[in-house]
Amino acid sequence: MRIAVYPGSFDPVTLGHLDIIERSCKLFDKVIVAVMINSSKRPMFSVDERVALLREATKNLPNVSVDCHEGLLIDYLKKADAKILVKGLRAISDFESEFQMASVNQKLCPEVETVFIMTRTEYMYLSSSIVKEVGTLGGDITNFVTENVRVAIEQKVGGKS
Ligand code: PNS
């Protein structure tokens with residue numbers, strides 16, 4: 001059984017993330033999307049909200065599950081008995097930090113292999129931060145996120161939750 005973990009902040013999940021998830025679930029038997037908790041960041045969405053938005057957006061993908069973890073990513077992979085770490089790779093700007101993380105993770109746990117999936121060109125520019133910025137400033141984010149995420153951002157911006 002090939003179990004892959006796709007980690008990230010997912011604050012919130014974008015169409016770029018979903019593209020990586022959909023493509024991963026064709027490659028692996030099981031894909032666990034892991035919302036990583038970083039207490040030094042101030043996210044727009046709580047961990048529970050991020051998990052719920054991801055579950056809603058991936059509900060039609062039978063071999064995808066969503067979980068969360070605080071601490072080392074490698075510890076989560078050991079807990080999940082996963083040997084594959086999936087990362088999406090956008091433009092050159094992602095390369096340096098991803099190379100660093102993959103190298104550190106390789107040292108921490110050589111049995112785990114990081115697999116990079118290149119983003120589709122239409123999502124090259126997309127990030128959760130830019131979506132939050134455009135959404136907060138009242139721009140149209142329908143091309144960047146699923147409907148449930150668009151509504152959730154609007155509610156945050158409108159101060160409804
Ligand atoms: O969506 P992001 O914010 O780019 O995801 C980054 C993330 C959460 C995957 C990365 O920060 C991470 O792996 N955090 C866990 C902490 C860890 O294991 N650090 C040491 C190895 S890099």
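The values are calculated or read from the model by the stated rules, or taken from the named source; none is laboratory data. These numbers were taken from a predicted model, which means no experiment stands behind them. Note that each Cβ is placed from the backbone with ideal geometry, even for glycine, and that neighbours are counted across all protein chains shown. Please note that ligands, DNA and RNA were not included when accessible areas were found on the heavy atoms of the full protein model with its side chains. Shrake-Rupley method; radii C 1.70, N 1.55, O 1.52, S 1.80 Å.
Let me spell it out: the conditions are (1) within 11 Å of the ligand (Cβ to nearest atom); (2) under 14 Å from the mean Cα position of the chain (by Cα); (3) assigned to a helix (DSSP H, G or I), and Lys87 meets all of them except one. Which number is the exception? If we test Lys87 against (1) within 11 Å of the ligand (Cβ to nearest atom); (2) under 14 Å from the mean Cα position of the chain (by Cα); (3) assigned to a helix (DSSP H, G or I), just (3) comes out false.
For His17, state whether it is within 10 Å of the ligand (Cβ to nearest atom) and closer than 22 Å to Gln155 by Cα. Against the criterion (within 10 Å of the ligand (Cβ to nearest atom) and closer than 22 Å to Gln155 by Cα), His17 qualifies. Based on this model, can you work out whether Arg42 counts as at negative phi, within 14 Å of the chain's Cα centre (by Cα) and not hydrophobic (A, V, I, L, M, F, W, C)? When the stated conditions are applied, Arg42 does not pass them. When the stretch 71-87 is filtered for residues that are under 20 Å from Lys41 (Cβ atoms), touching a strand residue (DSSP E or B) at 6+ places or on another chain (Cβ under 7 Å) and of a type in the set (D, E, K, R), only Lys87 remains. Annotation: of all residues in the stretch 59-84 being in contact (Cβ under 8 Å) with a residue 60 or more places away in the chain and out of contact with any helix residue (DSSP H, G or I) (no Cβ under 9 Å at 6 or more places or on another chain), the one that is farthest from the ligand (Cβ to nearest atom) is Asp81.
In this structure, is Ala80 within 20 Å of Val13 (Cβ to Cβ) and either modelled with pLDDT under 95 or surrounded by fewer than 17 Cβ atoms within 10 Å (Cβ to Cβ) (or both)? It is false that Ala80 is within 20 Å of Val13 (Cβ to Cβ) and either modelled with pLDDT under 95 or surrounded by fewer than 17 Cβ atoms within 10 Å (Cβ to Cβ) (or both). Within the stretch 34-55, if we keep just the residues that are open to solvent by less than 40 Å² (accessible area, probe 1.4 Å) and within 11 Å of the ligand (Cβ to nearest atom), the residue that is farthest from Leu72 (Cα to Cα) turns out to be Arg50. Taking into account only those residues within the stretch 1-17 that are open to solvent by 10 Å² or more (accessible area, probe 1.4 Å) and of a type in the set (A, V, I, L, M, F, W, C), which is farthest from the chain's Cα centre (by Cα)? By that ranking, first place goes to Met1. The set of residues from the stretch 117-154 being farther than 19 Å from Asp19 by Cβ, open to solvent by 20 Å² or more (accessible area, probe 1.4 Å) and hydrophobic (A, V, I, L, M, F, W, C) comprises Leu137, Val151. Would a scan of the stretch 97-108 turn up a residue that is away from the ligand (no atom under 14 Å from the Cβ) and open to solvent by less than 40 Å² (accessible area, probe 1.4 Å)? Checking the stretch 97-108: not a single residue is away from the ligand (no atom under 14 Å from the Cβ) and open to solvent by less than 40 Å² (accessible area, probe 1.4 Å). With respect to the stated conditions, Phe144 is away from the ligand (no atom under 14 Å from the Cβ), out of contact with any Cys (no Cβ under 8 Å at 6 or more places or on another chain), modelled with pLDDT of 95 or more and among the aromatic types (Phe, Trp, Tyr).
Figure legend. Inter-residue proximity from the stretch 98-122: first residues in contact (Cβ under 8 Å) with a residue 12 or more places away in the chain and among the acidic types (Asp, Glu), second residues open to solvent by 50 Å² or more (accessible area, probe 1.4 Å) and away from the ligand (no atom under 14 Å from the Cβ), beta-carbon distance below 9 Å, spacing 6+ or different chains. Indicated pairs: Glu111/Lys83; Glu113/Lys83.
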